[in-house]
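Undergrad: Below you will find the structure I want to go over with you.
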Amino acid sequence: MLSMISIGSQFLVKTDSRNVAVNVSVTVLQPKLSRPIAIAWQKPMQGMKMNVDGSLSGNPGPSGTGGIVRIPEDKYSFFFYKSLTESTNLEAESLALLHDLEPCLNHGHLDVKIEMDSKELYCMVTSKDRIAWKIDHVVR
């Protein structure tokens with residue numbers, strides 16, 4: 001079981017066997033939906049960059065997570081996908097962030113820039129306030 005605690009610009013990621021401090025900076029991507037726009041991947045100045053997303057069919061509904069981790073040299077390092085049980089959109093986004101950090105830790109990457117499209121999750125993760133929802137166990 002994984003869990004995360006936000007500590008400023010670091011997350012303490014707890015697993016059953018270890019606790020790891022990960023340097024994380026999060027960017028929320030929110031393109032305007034009024035007209036199509038091109039979005040290009042911007043390489044990080046240092047460390048790894050993870051693009052992550054959760055998706056589902058229905059709300060709640062069957063869900064999954066996926067992402068790609070890339071290095072500054074414009075090459076992918078690894079990518080991943082995981083099927084989840086039925087969840088809401090915010091649960092899927094939360095689990096995407098949590099589950100998709102695990103491959104970074106397993107590959108020894110502790111300096112990770114994350115891009116995601118959930119502003120609500122970003123606010124929840126970076127807030128010092130306790131979350132009074134059933135996803136509290138995922139984010140805290």
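Undergrad: Out of all the residues in region 91-127, which are farther than 15 Å from Ile71 by Cβ, touching a helix residue (DSSP H, G or I) at 6+ places or on another chain (Cβ under 8 Å) and aliphatic (A, V, I, L, M)?
TA: Leu95, Leu97, Leu98, Met116, Leu121, Met124, Val125
Undergrad: Here's another thing I want to ask about it. Between a first residue in region 81-92 that is under 14 Å from Val52 (Cβ atoms) and a second residue that is surrounded by fewer than 16 Cβ atoms within 10 Å (Cβ to Cβ) and modelled with pLDDT of 85 or more, which pairs have beta carbons less than 8 Å apart while being 6 or more apart in sequence or on different chains?
TA: If the second residue must be surrounded by fewer than 16 Cβ atoms within 10 Å (Cβ to Cβ) and modelled with pLDDT of 85 or more, the pairs left are Leu84/Pro62.
Undergrad: Let me ask another. Criterion first (modelled with pLDDT of 55 or more and part of a loop (DSSP other than H, G, I, E, B)) does Ile39 satisfy it?
TA: yes
The values are calculated or read from the model by the stated rules, or taken from the named source; none is laboratory data. Just so we're clear, the structure is a prediction, and the values are computed from it rather than from any experiment. Glycine gets a Cβ as well: all are built from the backbone with ideal geometry, and neighbour counts include every protein chain shown.
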